[in-house]
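One structure is given below, encoded as structure tokens.
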Amino acid sequence: MAAAPPPPGHPQRAYRAACPNCGAPVEFASAASASAVCGFCRSTLVRDGEALLRIGTSAELFDDHSPLQLGASGTHQGVAFTLVGRLQYGYEGGTWNEWHALFDNGRSGWLSEDNGAYVMAFDAPLPSDAPAIDTLQAGQRVLADGRVWDVASVVKAHLIAAQGELPRPPQLHGEFLVADLRNGADEVATLDASDPGQIAWSIGRPVLLAALAMSGLAAEAKEKTLGARGIQCPNCGNALEIKLASTKSVSCGQCNAVVDVSAGVGGELQHYTQANTSEGGLGPQVPLGRTGTIKLGTSEARPWQVVGYQERCDIPEAGSDDETTFWREYLLYNRELGFAFLVDSEEDGWSWVRPITGAPQVKGDRAQYQGAGYQKKYSYDAKVTWVQGEFYWRVQRGERASVTDYVGTGGDSRKRLSREQTRTAAGGTEVVWSAGAVLDASVVADAFGIPAGERAAMQRDLGPVSGTAKRMSLTNIVIVVVMLLIMLSVLSNCDGSDRCDELRQAFGPNSNEYRQCVAQRGSGSSGRTSGGSWGGSGGGGHK
């Protein structure tokens, strides 16, 4: 009796052989796969005809509590896939994973991390017009594959460990460059120089785990807490409570030190101390840990939890008449959608933004993104003055960024767009775009259950105080006094040091940022029309 044929799209056969090092069975689900890592002894194996050849040993995986795991499956664009392999990379900002997704039609893809969300990418032949990876810098605009791309980041990475079945042998030794390019079609392209003899090229688009209908995810992924690992604050010894698997930095609830947990807890934890009270003197008006159901660009309202909070201010030029302004940013988390920022600016009110995969098309002071037009409103330098809670990127003391904010034009006037260029610890730069829209303070208050007595302080339309106007209520007087105290506190932290010198130190004396600043200083122009921000500070890009 003939055997029943395999179901449509199922691989016709699997290749299995014994590991030449320990004898454990090693299985290949795809005939195209060239390499695998033994699940027992971690030997790195390559196929040599009908035999397996051991070429090295993979290191232990860093336990980052990813919701993904080998054997998890889903559907993308109508085709089922299974996660059969994993590459774990390290760089100065921490780690990231790329999961080898084997589709039922035999195609291989990569499900990888992108600013707290995910991208599904596919390998493609290196374009003939691809730029040399060692010539790229963040912020450049380049031509590749006949299209225009913006360089988002160029980092030095190394492969920490490999797992499962892979389409090519992993390169387990030495550092190499990885560059991310983004375009107006919401795509991210990656140049990977892990194999010096053959630069890899892939193109991906953003995906949601919920939209992939994933099954077989790690049982504890959504609620996994790292606190059970006994992490203690290196500054005061207090137990650190970490709630999210993606956390790279966390503040201590006792001494307010900011602790870097991006490289694991086996060695000495890096940290820096900060004042016992926030620079703004007020702290978060929406409590950390609070969950609110609010609509942030989705078709319906979703639950978002406040997991992080930071205060930031702009940095005026020395001798300029520009006033220092400040704002607050709340990092929000949703299990299915990833991260978003709720932004509270004294001058511009409340808004929300989420990091985007692509890069808007920019011409002069105008930008286009997903069919909407934007006009540049602000251009300034900013720095972080206080952080609290958990963050999916590696927070640095006084983290600085060059920021450009855009406002929607025409019927899109409530839309917001922001570009941030940050300097990494190793001296590189990274560009992150965020998009969102304004929110009414009442919407925020309702969503997060702010008590009636605290809602007046959330309004941002106080206006000037006039002696001939009707008398202010005691509540409004208190609010104005509090705001003045906050501004004085932040002014003391955000001094008017020479902006051009800071840009020279951050980006180099030959950088466009420094040259433009010198030119503006010579002409008496500050390049910044006002304070305020609606951009979320998201570190750690696709890689």
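Suppose we filter the range 66-96 for residues that are aromatic (Phe, Trp, Tyr), open to solvent by less than 20 Å² (accessible area, probe 1.4 Å) and either at pLDDT below 90 or under 30 Å from ARG423 (Cβ atoms) (or both); how many remain? Spell out how you get there, then give the answer.
The first filter runs over the range 66-96 and keeps only residues aromatic (Phe, Trp, Tyr), leaving 81, 89, 91, 96.
Right, trim to open to solvent by less than 20 Å² (accessible area, probe 1.4 Å) and you get 81, 89, 96.
Adding the requirement that they be either at pLDDT below 90 or under 30 Å from ARG423 (Cβ atoms) (or both) leaves 89, 96.
So the count comes out to 2.
If you check TYR369, TYR392 for being under 28 Å from VAL142 (Cβ atoms), surrounded by 21 or more Cβ atoms within 10 Å (Cβ to Cβ) and over 16 Å from the mean Cα position of the chain (by Cα), only one passes: TYR369.
Where residues in the range 194-209 are closer than 13 Å to LEU111 by Cα and among the β-branched types (Val, Ile, Thr), which of them is most open to solvent (accessible area, probe 1.4 Å)? It comes out as ILE203.
Per the listing LEU177, LEU191, LEU212, the residue uniquely modelled with pLDDT of 90 or more, in a loop (DSSP other than H, G, I, E, B) and surrounded by 15 or more Cβ atoms within 10 Å (Cβ to Cβ) is LEU212. Checking each residue in the range 232-270 for being in contact with a strand residue (DSSP E or B) (Cβ under 7 Å, 6 or more places away or on another chain), at pLDDT below 80 and either farther than 21 Å from VAL384 by Cβ or open to solvent by 30 Å² or more (accessible area, probe 1.4 Å) (or both) picks out LYS243, ALA263. Consider the range 296-324 and keep the residues that are part of a loop (DSSP other than H, G, I, E, B) and among the polar types (S, T, N, Q). The one that is farthest from GLU346 (Cα to Cα) is SER299.
So, in the range 156-174, of the ones that are open to solvent by less than 20 Å² (accessible area, probe 1.4 Å) and either free of Cβ contacts under 8 Å to residues at least 40 places away in the same chain or in contact with a Ser or Thr (Cβ under 9 Å, 6 or more places away or on another chain) (or both), which residue ends up farthest from GLN421 (Cα to Cα)? Taking the candidates together, the pick is GLU165. For the range 122-151, the set of residues classified as of a type in the set (Gly, Ala, Ser) and either closer than 19 Å to ALA213 by Cβ or in a loop (DSSP other than H, G, I, E, B) (or both) consists of SER128, ALA130, ALA132, ALA138, GLY139, GLY146, listed by residue number. Determine whether the range 157-167 contains at least one residue that is assigned to a loop (DSSP other than H, G, I, E, B) and modelled with pLDDT under 95. Yes, the conditions are met somewhere in the range 157-167. Taking the criterion of being part of a loop (DSSP other than H, G, I, E, B) and of a type in the set (Ser, Thr, Tyr), the residues of the range 244-260 that qualify are SER246, THR247.
Take LEU111 and decide whether it is open to solvent by 50 Å² or more (accessible area, probe 1.4 Å), modelled with pLDDT of 95 or more and either of a type outside the set (Lys, Arg) or more than 20 Å from the chain's Cα centre (by Cα) (or both). Write out each step before concluding.
Details: open to solvent by 50 Å² or more (accessible area, probe 1.4 Å): no; modelled with pLDDT of 95 or more: yes; either of a type outside the set (Lys, Arg) or more than 20 Å from the chain's Cα centre (by Cα) (or both): yes.
For LEU111, the condition - open to solvent by 50 Å² or more (accessible area, probe 1.4 Å), modelled with pLDDT of 95 or more and either of a type outside the set (Lys, Arg) or more than 20 Å from the chain's Cα centre (by Cα) (or both) - is not met.
For the residues LEU166, LEU177, the requirement of being touching a helix residue (DSSP H, G or I) at 6+ places or on another chain (Cβ under 9 Å) and of a type outside the set (Gly, Ala, Ser) singles out LEU177.
The values are calculated or read from the model by the stated rules, or taken from the named source; none is laboratory data. This structure is a prediction, so every number in the text was calculated from the model and none was measured. We place every Cβ from the backbone using ideal geometry, glycine too, and count neighbours over all the protein chains shown. Note: areas computed on protein heavy atoms with side chains; ligands, DNA, RNA excluded. Shrake-Rupley method; radii C 1.70, N 1.55, O 1.52, S 1.80 Å.
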